[in-house]
1. Please state which of the following conditions LYS24 fails to meet, knowing it meets all the rest: (1) open to solvent by 60 Å² or more (accessible area, probe 1.4 Å); (2) under 23 Å from LEU129 (Cα atoms).
2. Count, please, the residues in the stretch 280-326 that happen to be open to solvent by less than 30 Å² (accessible area, probe 1.4 Å), in a helix (DSSP H, G or I) and either in contact with a His (Cβ under 9 Å, 6 or more places away or on another chain) or among the small types (Gly, Ala, Ser) (or both).
3. Kindly evaluate ASP39 against the criterion of being open to solvent by 30 Å² or more (accessible area, probe 1.4 Å), of a type in the set (Asp, Glu) and at pLDDT below 95.
4. Residues of the stretch 95-135 being farther than 21 Å from VAL82 by Cα and surrounded by 17 or more Cβ atoms within 10 Å (Cβ to Cβ), which ones?
5. Answer yes or no: is there a residue in the stretch 197-218 that is touching a helix residue (DSSP H, G or I) at 6+ places or on another chain (Cβ under 9 Å), surrounded by 22 or more Cβ atoms within 10 Å (Cβ to Cβ), in contact (Cβ under 8 Å) with a residue 24 or more places away in the chain and assigned to a helix (DSSP H, G or I).
6. Would you point out which residue out of ILE368, ILE327 is in contact with a Phe, Trp or Tyr (Cβ under 9 Å, 6 or more places away or on another chain) and more than 20 Å from LEU447 (Cβ to Cβ)?
7. Provide a single number: the residues in the stretch 47-78 that are of a type in the set (A, V, I, L, M), outside any helix (DSSP H, G or I), out of contact with any His (no Cβ under 9 Å at 6 or more places or on another chain) and open to solvent by less than 10 Å² (accessible area, probe 1.4 Å).
8. Quick one: which helices (runs of 4 or more DSSP H) lie wholly within the stretch 385-492 and hold at least 2 residues that are modelled with pLDDT of 90 or more?
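The values are calculated or read from the model by the stated rules, or taken from the named source; none is laboratory data. All of these numbers come straight from a predicted model, not from anything done at the bench. All Cβ positions, glycine included, derive from the backbone under ideal geometry; neighbour counts span all protein chains shown. With ligands, DNA and RNA removed, areas are computed over all heavy atoms of the protein, side chains included. Shrake-Rupley method; radii C 1.70, N 1.55, O 1.52, S 1.80 Å.
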Amino acid sequence: MKTGFDNDKYLKIQSEHIKERIAKFGDKLYLEFGGKLFDDYHAARVLPGFQPDSKLRMLMQLADYAEIVIVISAVDIEKNKVRGDLGITYDKDVLRLRDEFQSRGLMVGSVVITHYSGQEAAKAFRSRLRKLKINTYCHYTIEGYPSNVALIDSDEGYGKNDYIETTRPLVVVTAPGPGSGKMATCLSQLYHENKRGVKAGYAKFETFPIWNLPLKHPVNMAYEAATADLNDVNMIDPFHLEAYGKTTVNYNRDIEIFPVLNAIFEGIYGENPYKSPTDMGVNMAGYCIVDDEACCEASKQEIIRRYYSTLNLLAEGKASEEEVQKIELLMKQAKVSVSDRKVTDAAKERGVKEKAPCAAMELQDGTIITSKSSELFGASAALILNVLKHLAGINHSEKILPAEMIEPIQKMKVTYLRGQNPRLHTDEVLVALSMLSVTSEKCRNALDQLPKLAGCQVHTTVMLSEVDRKIFKKLGVDLTCEPVSKKSRTWI
């Protein structure tokens, strides 16, 4: 994949711009961090050259200025809400995030539980945080929020929330996921700081949509596809257009809430320092695109991947028809179809021929390797073997996993673990290769090719097990699957 994004430039100008924003307000800046502070693989896919930990590395350049406040909603704690990408609950992710930040030398000042109304699960979590000696604060539900501005800007509104003790000029407010209450936490602090005579400001750091790219730029459309479940819609910022005569892009939620924010700011300060939602942002990513064509192509591929991901969720009852239809519309606007993803056609053609589950992988040099399900291996496990042999220069017909090793694994799965499927999954194939690599040079060479799979594209004609999906993800492979269950026996 061509590089389309200058990551070094991004790290430099982004940190400088945040310092400028701190200076603008004087004493303190509350910076709402949207999206993921690290492991931002969406940004890395649509902006080739962007490193998944870029935002964290940028923040580390400000480590002497910054402290982090992690926000979690009591409602999410009560519901045991799970991060889809990690498979862990939000409360566990708060502790994970804290450990990750601190291991990189960043100060985590506290945890704030928002939407708090005495929920039992939230109380238990608060007690656990206190036992871990983590500073913990509660923010409460405000009746009529966010439209009841008179109540919000009062001692019975924001004034009722705990005041968060902070010591650094830059306070980064982040959360395990959307809807946690980051913005409200920032605004509540502005109210309290103003009452204490502290000159504090607010800014927002969202990577997408990129405000200085066109509305229908593929990078921005890929963001819409990624947030189809949130029903986010990119829009021209009408407030910015009116104030400055310049066209910029924002998204519906920030535009819709801006009149309310304007009233809240006026209630706190007497005036709003910002004339538009775009003004509130500090994102410099748009200035770091060095190859627009490469970013456009990468974003179109991401829209296709998001389409398949949503189709799979729909088949599992975890998404709606409306989400699928929204991404279908985005595909039409971007002028792409599933056939623009090369591995899709390759896997489907092999599936029609074999009348069995099949898979295909596109390597970095454009070579496409295919596989089919057999008595020994699932299609994805067979694909891993075929690809590793190809990259290691091993003849396709050569069996590097002998039957005497496969048979005991199958017996263990079916006889002892009472499984129904004797075929080896991807993780089992990799473990078998690892064991044989002690004595087999070919197996060792095959395993050495694993790093080359990062960034490769895979498509399968059936939905995969969670085990296989996780292995592809850990290998850095971009996976799509037809929305077909293995049990359906309808191979595509």
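1. (2)
2. 9
3. Details: open to solvent by 30 Å² or more (accessible area, probe 1.4 Å): yes; of a type in the set (Asp, Glu): yes; at pLDDT below 95: yes.
Yes; evaluated as a whole, the condition is true for this residue.
4. LEU106, VAL108, GLY109, SER110, ILE134, listed by residue number.
5. Yes, because at least one residue in the stretch 197-218 is touching a helix residue (DSSP H, G or I) at 6+ places or on another chain (Cβ under 9 Å), surrounded by 22 or more Cβ atoms within 10 Å (Cβ to Cβ), in contact (Cβ under 8 Å) with a residue 24 or more places away in the chain and assigned to a helix (DSSP H, G or I).
6. Working: ILE368 fails: in contact with a Phe, Trp or Tyr (Cβ under 9 Å, 6 or more places away or on another chain).
ILE327 is the lone residue from the list that is in contact with a Phe, Trp or Tyr (Cβ under 9 Å, 6 or more places away or on another chain) and more than 20 Å from LEU447 (Cβ to Cβ).
7. Start the filter on the stretch 47-78 by keeping residues that are of a type in the set (A, V, I, L, M), which leaves 47, 56, 58-60, 62-63, 66, 68-72, 74-75, 77.
Retained after the next criterion (residues that are outside any helix (DSSP H, G or I)): 47, 62-63, 66, 68-72.
Right, trim to out of contact with any His (no Cβ under 9 Å at 6 or more places or on another chain) and you get 47, 62-63, 66, 68-70, 72.
If we keep only those that are open to solvent by less than 10 Å² (accessible area, probe 1.4 Å) too, we end up with 47, 62, 66, 68-70, 72.
Residues in the stretch 47-78 being of a type in the set (A, V, I, L, M), outside any helix (DSSP H, G or I), out of contact with any His (no Cβ under 9 Å at 6 or more places or on another chain) and open to solvent by less than 10 Å² (accessible area, probe 1.4 Å): 7 in total.
8. Working: elements: 403-411, 426-436, 441-447, 466-474.
Hits in the stretch 385-492: 426-436, 441-447, 466-474.
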